[in-house]
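The values are calculated or read from the model by the stated rules, or taken from the named source; none is laboratory data. Not measured: the values here are computed from a predicted model. With ideal geometry, Cβ positions are generated from the backbone for all residues, glycine too; neighbour counts draw on all protein chains shown. We work out accessible area using only protein heavy atoms, side chains counted, and drop any ligands, DNA or RNA first. Shrake-Rupley method; radii C 1.70, N 1.55, O 1.52, S 1.80 Å.
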Amino acid sequence: MRKLRYGCLHVKVLATYLSLKIVGFWFETFTACRKTFFRMNKKSPLSRSGRFKGGVGEDVSRFTESISFDQRLWRHDILGSIAHATMLGSIGVLSKAEAKRIVKALESIGEDIEKGSFEWDTTLEDVHMNIESELTRREPAGAKLHAGRSRNDQVALDMRMWLRDEIVELDVEISNLQKAIVDLAIENDQVVIPGYTHLQRAQPVYISHHLLAYVEMFARDHERLLDAFSRINVCPLGSGALAGSTLALDRKQVASFLGFEDAKGRPVVTQNSMDAVSDRDFAVEFCFIASMTGVHLSRLAEDLILWSSSEFDFIQISDEYTTGSSLMPQKKNPDIAEIARGKSGRLVGNLVSLLTLLKGLPMTYNRDLQEDKERLFDSVDTIRSTIRLMAAMMSNIAVKAENCKNAASDPNLLATDLTDYLVERKVPFREAHHIVGALVALAEKIDKPLNLLNIKEMEGVSKKFKADALDVFDLKKALDKRNITGSPGTKEVKKQLRSWLKRLA
Ligand code: ARG
């Protein structure tokens with residue numbers, strides 16, 4: 001499988017540096033943020049200095065703030081600012097010494113956020129202003145950092161960088177899930193079940209073939225992620241509020257610094273400043289991919305729910321991944337699978353929310369766009385936890401081989417093979433279909449399984465049947481015969497299992 005890759009040395013070094021002790025920081029900063037959530041600050045927020053007389057009211061502040069949810073972008077906001085400062089230093093807007101001090105102060109802010117000692121201020125609206133304001137408090141040259149930059153291109157940058165990292169991690173989860181499914185398929189590679197259409201028994205398949213259908217779906221989700229990644233990995237910084245900048249910003253330097261590079265290592269930057277600040281296609285695309293993956297998970301969940309019911313009884317989900325009923329003592333419910341099925345609705349909801357959010361927006365940035373974050377964050381979190389839990393559950397499923405065998409021994413599953421028998425003896429397919437249909441009706445009428453009809457009874461329906469017609473009902477032979485590419489034949493399924501093992505290794 002192709003692997004996602006991006007980045008340059010600077011980003012990797014910084015990212016490693018900033019991601020020290022990542023566990024725990026979120027909870028602590030969240031708690032810190034809640035503490036300061038309603039604390040009003042008398043000083044004017046950065047965006048209101050000069051033009052406005054005072055701060056806004058508490059209800060306005062509470063309505064418009066995004067710090068309660070966009071603070072999770074802090075790491076990328078700091079990285080973006082370090083790149084911008086470094087670039088301003090190299091084009092002479094900042095002196096080299098100022099740029100150095102700004103980078104140092106930004107790094108120390110990052111450390112404090114990680115430790116949970118940073119105080120988020122709701123009146124400073126969002127993550128960008130919280131960090132910039134603190135930067136300027138620690139390092140007066142910080143007041144020069146926003147030259148040539150707007151929060152409009154800054155937020156687009158942060159989100160693209162954040163999503164890029166999330167996608168790399170999500171992609172690993174997808175292949176873990178595929179591995180768990182392939183493992184289950186390999187453990188049960190001899191097990192045959194009825195394949196269904198219209199939820200009616202149709203034709204026999206190896207259970208591994210059924211399971212590999214999902215591996216194919218998740219492979220497409222992986223491909224979609226890769227494809228979307230190339231559009232996300234484009235640097236919008238330098239677009240300003242909407243109209244770029246009169247300063248001679250080195251956009252390519254910033255892009256390379258932050259790992260916005262193509263496969264050949266060339267920096268990739270957005271080509272239209274107005275599009276760049278108002279474009280949220282990348283968020284919509286991700287929410288679509290999450291929805292599609294969610295729908296695949298939901299279908300898998302539905303199969304597992306059916307298979308674990310007494311009516312099917314093909315599998316047993318281990319106790320850890322099921323729950324009981326508060327009233328009925330005998331119940332063992334497949335709640336993980338049901339919740340996974342339910343989560344897909346939420347993912348589709350997020351996608352529709354984002355599309356609706358965007359559809360009436362005039363160019364360019366509008367504050368409505370702030371509403372994108374919670375939907376995107378929720379989709380990222382939801383799809384990740386759902387995939388992870390489903391993968392864990394797949395590794396805790398036992399297939400009830402005996403029950404599968406009983407269900408797969410229904411001779412009607414091979415009625416189509418009987419038409420193939422006739423077709424091989426030059427009977428036109430439509431006629432063969434009619435003949436076998438009549439045979440099934442006869443078997444039903446005399447209450448005999450199809451495979452127990454004798455040759456006399458078969459000849460009574462059509463003289464084309466010979467004694468060897470009954471060989472069709474040998475399930476093993478029937479599966480050995482299905483060996484065209486993509487079919488559930490013995491050899492073909494083995495080949496597919498081998499190929500997936502190799503691709504996922
Ligand atoms: N919090 C804002 C958002 O999430 C950041 C950009 C604000 N820009 C502005 N011009 N008010 O979209």
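Roughly how many whole Å is it from the C-alpha centroid of segment 66-83 to that of segment 402-425?
Centre-to-centre distance over Cα atoms comes out at 61 Å.
So what is the relative contact order of segment 143-227, in percent, for Cα pairs below 8 Å that sit 6 or more residues apart? Write down the numbers at each step before the final one.
Values: 51 pairs, mean separation 21.3, N = 85.
It rounds to 25 percent for segment 143-227.
With point charges of +1 on the Cβ of Lys and Arg and -1 on the Cβ of Asp and Glu, referenced to the Cα centre of the chain, which listed residue (SER462, PRO236, ILE167) lies farthest in the positive direction of the dipole?
So the residue furthest toward the plus end is PRO236.
Considering Cα pairs under 8 angstrom that are at least six residues apart, work out the relative contact order of the chain and quote it in whole percent.
15
Over segment 285-439, average the accessible area per residue using a 1.4 Å probe and give it in Å², no decimals.
For segment 285-439, the solvent-accessible area averages 48 Å² per residue.
Which value at 222 nm does the chain reach when only helices count, each DSSP H run of 4 or more adding -39,500 (n - 2.57), with the total divided by all residues and rounded to the nearest 500 deg cm²/dmol?
Computed ellipticity for the chain at 222 nm equals -19500 deg cm²/dmol.
Give me the net charge of TYR206's neighbourhood, meaning all other residues with Cβ under 13 Å from the Cβ of TYR206; Lys, Arg count +1, Asp, Glu -1. All intermediate terms of the calculation are to be shown ahead of the outcome.
Values: positive: LYS405, LYS476, ARG482, LYS491, LYS494, LYS495; negative: GLU187, ASP189, ASP480, GLU492.
After counting each charged neighbour, the total is +2.
Taking all protein chains in place and a 1.4 Å probe, what share, in percent, of the accessible surface of the chain do carbon and sulfur account for?
C and S fraction of accessible area: 56 percent.
Grab the other residues whose beta carbon is less than 10 angstrom from that of PHE69, score K and R as +1, D and E as -1, and report the net.
Residues close to PHE69 contribute a combined charge of -3.
Any chance you could get the radius of gyration and Dmax over the Cα atoms of the chain, in Å?
My reading of the Cα-based Rg and Dmax gives 30.4, 101 Å.
Nearest 10 degrees is fine. How inclined is helix 74-90 to the longest principal axis of the chain, computing both from alpha carbons?
Between helix and principal axis, roughly 50 degrees.
First check a/c for segment 399-490, with a ≥ b ≥ c the square roots of the eigenvalues of its C-alpha gyration tensor; if it is under 1.5, answer rounded, and if not, answer prolate when a/b is larger than b/c or oblate otherwise. Numbers along the way, then the final one.
Details: a/c = 2.17, a/b = 1.29, b/c = 1.69.
Cα axes put segment 399-490 in the oblate bin.
What shape does segment 274-425 take by its C-alpha gyration tensor, where a ≥ b ≥ c are the square roots of the eigenvalues and a/c under 1.5 counts as rounded, a/b above b/c as prolate, and the rest as oblate?
Details: a/c = 3.87, a/b = 1.79, b/c = 2.17.
Since a/c reaches 1.5 but b/c is at least a/b, the shape of segment 274-425 is classed as oblate.
What order, most packed first, do the peptides 117-128, 243-254 have when packing is the mean number of other Cβ atoms within 10 Å of each residue?
117-128, 243-254
Rounded to the nearest 10 degrees, what's the angle between the helix 151-187 long axis and the longest principal axis of the chain, both from Cα atoms, 0 to 90?
30
Round to the nearest 10 and give me the degree value, 0 to 90, for the angle of helix 127-138's Cα axis relative to the longest principal axis of the chain.
Taking the Cα atoms of the chain, the angle to 127-138 is about 30 degrees.
Compute the projected area of the convex hull of the Cα atoms of segment 153-285, averaged over all viewing directions, and report it in nm² to one decimal place.
10.9
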